[in-house]
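The structure appears below as structure tokens.
The values are calculated or read from the model by the stated rules, or taken from the named source; none is laboratory data. Source: prediction; values computed, not measured. Every residue, glycine as well, gets a Cβ built from its backbone with ideal geometry; the counts of neighbours run over all protein chains shown.
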Amino acid sequence: MTQLYLITPPRIDAGFVATLEEALSAGEVAALQIRLKDHDVDDIRALAPALIACAQKHGVAAIMNDSAALADELGCDGVHIGQSDGRIKDARAVMGKDRTVGVTCHDSRHLAMTAGEAGADYVAFGAFFPTETKDAPTQADIPLLNWWIELFELPCVAIGGITVDNAAPLVEAGADFLAVSGGVWGHADGPAAAVKAFNAICAG
């Protein structure tokens, strides 16, 4: 069954942990990626521990974006790296075999197969829809998901502009995870309502 993979907004304040608590209390969430792109590393060191503690309290994997060293330093359950964030082998050396290393593969079959061969724990495809959270250089499509799921056992994450209104085709295609940021934090009825709605969609 498809699971929800939350991504933090790019900029937060210390009060965001209450919003996160509300979201994680509302339903099943598999992972939280701490992706604070609008903060410097000192800010992240100050803000992330409360988010990590909140996630882990709820049994949600805390995944740090970009930096395996920072993920390890802060006690995260994994790291998510982009194509320009270093080698999977180096991230694995820092994280060890028991923690997660996920990799952005854009819309590329080649990058995904290479990531799998290098020992990634999941591959992320996207963006599936227009997104305001990040500058998405590529657009992925449903046939890419179909191809991956048919041929490979390695879990795949669908990312990019996913909302409760457009998520169903990704679930039907068999995506293992839906990575969502604005679709939860910016939901008209609040994050808790969004998590409940995504859970319902994931359950089919």
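Remarks
- Consider the range 67-87 and keep the residues that are of a type outside the set (Asp, Glu) and surrounded by fewer than 18 Cβ atoms within 10 Å (Cβ to Cβ). The one that is modelled with the lowest pLDDT is GLY86.
Per-residue answers, yes or no, for (1) touching a strand residue (DSSP E or B) at 6+ places or on another chain (Cβ under 7 Å); (2) among the hydroxyl-bearing types (Ser, Thr, Tyr); (3) within 25 Å of ALA192 (Cβ to Cβ):
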{"residue": "ILE34", "(1), (2), (3)": "yes, no, yes"}
{"residue": "GLY59", "(1), (2), (3)": "no, no, yes"}
{"residue": "ASP98", "(1), (2), (3)": "no, no, no"}
{"residue": "GLY116", "(1), (2), (3)": "yes, no, no"}
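- Unique residue being of a type in the set (Val, Ile, Thr) and surrounded by 19 or more Cβ atoms within 10 Å (Cβ to Cβ) when the list is ILE142, ILE162, ILE149: ILE162
- The number of residues in the range 17-44 that are of a type in the set (A, V, I, L, M), assigned to a helix (DSSP H, G or I) and surrounded by 15 or more Cβ atoms within 10 Å (Cβ to Cβ) comes to 5.
So that you can scan it fast, the table gives a plain yes or no per residue for (1) crowded, with 17+ Cβ neighbours inside 10 Å; (2) not polar (S, T, N, Q):
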residue: GLY102; (1), (2): yes, yes
residue: ARG109; (1), (2): no, yes
residue: ALA112; (1), (2): yes, yes
residue: ALA120; (1), (2): yes, yes
residue: GLY126; (1), (2): yes, yes
residue: THR133; (1), (2): yes, no
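- Test: residue in the range 45-65 that is of a type in the set (Val, Ile, Thr), part of a strand (DSSP E or B) and touching a residue at least 12 places away in the same chain (Cβ under 8 Å): yes
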